[in-house]
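**Student:** Sharing a structure, written as structure tokens. Questions coming.
The values are calculated or read from the model by the stated rules, or taken from the named source; none is laboratory data. Model, not experiment: these values are computed from the prediction. Cβ placement follows ideal geometry from the backbone for every residue including glycine, while neighbour counts extend to all protein chains displayed. Ligands, DNA and RNA are stripped out before the accessible areas are found, and what is left, the full protein with its side chains, is counted by its heavy atoms. Shrake-Rupley method; radii C 1.70, N 1.55, O 1.52, S 1.80 Å.
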Amino acid sequence: MADTDQVTTPEDLDKEPDTNYKPPPEKSISELLEIDQEDESLRKYKEALLGQAQAGPIIVEPDNPRKVIVKRLVLVPNDRPELSLDLSGDLSKLKKETFIIKEGVSYKIRIEFFVQREIVHGLKYVQKTSKMGISVDKMTHMVGSYAPKAEIQSYTTPSEDAPSGMLARSSYTVHSLFTDDDKNEHLKWEWTFEIKKDWKD
């Protein structure tokens with residue numbers, strides 16, 4: 001992570017670089033199945049992709065109107081047990097829980113979620129990290145498009161290395177956002193981690 005002098009705010013998560021990319025218009029599952037019926041290979045591909053959703057609407061949590069229900073963030077360090085944050089409860093309590101990360105260790109982040117009702121297009125995981133209010137890192141991971149399923153689905157980020165050295169040993173605040181091409185905010189949350197010389201310092 002490279003230090004910068006920019007002060008971070010949660011609103012910065014929503015700012016996207018200017019591009020000419022425009023997401024395709026949303027289509028329902030039934031609309032997707034109806035188009036290109038004459039193309040046998042494409043029809044079979046869509047049927048395999050949509051799986052359970054062809055039989056009717058998949059609704060995991062009837063009282064939850066969201067298409068994407070984010071359940072957990074899991075820190076996956078190399079050669080260590082996983083550490084997880086429950087994202088299904090009171091998100092304000094997450095600020096009181098702190099992941100301890102050994103400096104220099106390689107780790108990944110896994111997001112676990114349900115997709116219900118309709119296909120969600122262009123899911124993205126955006127994470128902005130700050131130290132003492134100063135932005136030190138921002139990353140955006142393209143998660144992809146997902147069809148509804150009764151089972152939990154997940155995305156794991158590529159491996160990255162925690163910073164190391166005396167100056168890196170500190171507490172960090174992370175603002176995370178799970179969004180999509182249409183700028184739907186599926187979940188926004190804040191959590192913290194601390195870089196230490198060893199796991200149990």
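**Student:** Does the range 114-123 contain at least one residue that is among the charged types (D, E, K, R), under 18 Å from residue 190 (Cα atoms) and in contact (Cβ under 8 Å) with a residue 40 or more places away in the chain?
**Tutor:** Here is the first cut: in the range 114-123, the ones among the charged types (D, E, K, R) are 117-118.
Filter once more, so that each one left must be under 18 Å from residue 190 (Cα atoms): none.
Checked against the condition, which is being among the charged types (D, E, K, R), under 18 Å from residue 190 (Cα atoms) and in contact (Cβ under 8 Å) with a residue 40 or more places away in the chain, the range 114-123 yields no hits at all.
**Student:** Can you list the strands (runs of 3 or more DSSP E) lying wholly within the range 96-181 that have 1 or more residues being farther than 20 Å from residue 85 by Cα, open to solvent by less than 40 Å² (accessible area, probe 1.4 Å) and not hydrophobic (A, V, I, L, M, F, W, C)?
**Tutor:** Working: elements: 98-102, 106-115, 120-131, 134-146, 153-156, 171-179.
Passing ranges, in order: 120-131, 134-146.
**Student:** Is it the case that residue 75 is open to solvent by less than 90 Å² (accessible area, probe 1.4 Å), in contact with a strand residue (DSSP E or B) (Cβ under 7 Å, 6 or more places away or on another chain), within 25 Å of residue 183 (Cβ to Cβ) and at pLDDT 90 or above?
**Tutor:** Values: open to solvent by less than 90 Å² (accessible area, probe 1.4 Å): yes; in contact with a strand residue (DSSP E or B) (Cβ under 7 Å, 6 or more places away or on another chain): yes; within 25 Å of residue 183 (Cβ to Cβ): no; at pLDDT 90 or above: yes.
Here the answer is no, as residue 75 does not meet what is asked.
**Student:** I'd like to verify a number: residues in the range 107-133 that are among the polar types (S, T, N, Q) and in contact with a Pro (Cβ under 7 Å, 6 or more places away or on another chain), how many?
**Tutor:** Filtering the range 107-133 down to residues among the polar types (S, T, N, Q) leaves 116, 127, 129-130.
Then keep just the ones that are in contact with a Pro (Cβ under 7 Å, 6 or more places away or on another chain); that gives 116.
Residues in the range 107-133 being among the polar types (S, T, N, Q) and in contact with a Pro (Cβ under 7 Å, 6 or more places away or on another chain): 1 in total.
**Student:** Something else about it: Answer with yes or no whether residue 84 is closer than 16 Å to residue 156 by Cα, at pLDDT below 95, open to solvent by less than 70 Å² (accessible area, probe 1.4 Å) and not acidic (Asp, Glu).
**Tutor:** Numbers: closer than 16 Å to residue 156 by Cα: yes; at pLDDT below 95: yes; open to solvent by less than 70 Å² (accessible area, probe 1.4 Å): yes; not acidic (Asp, Glu): yes.
The answer is yes for residue 84.
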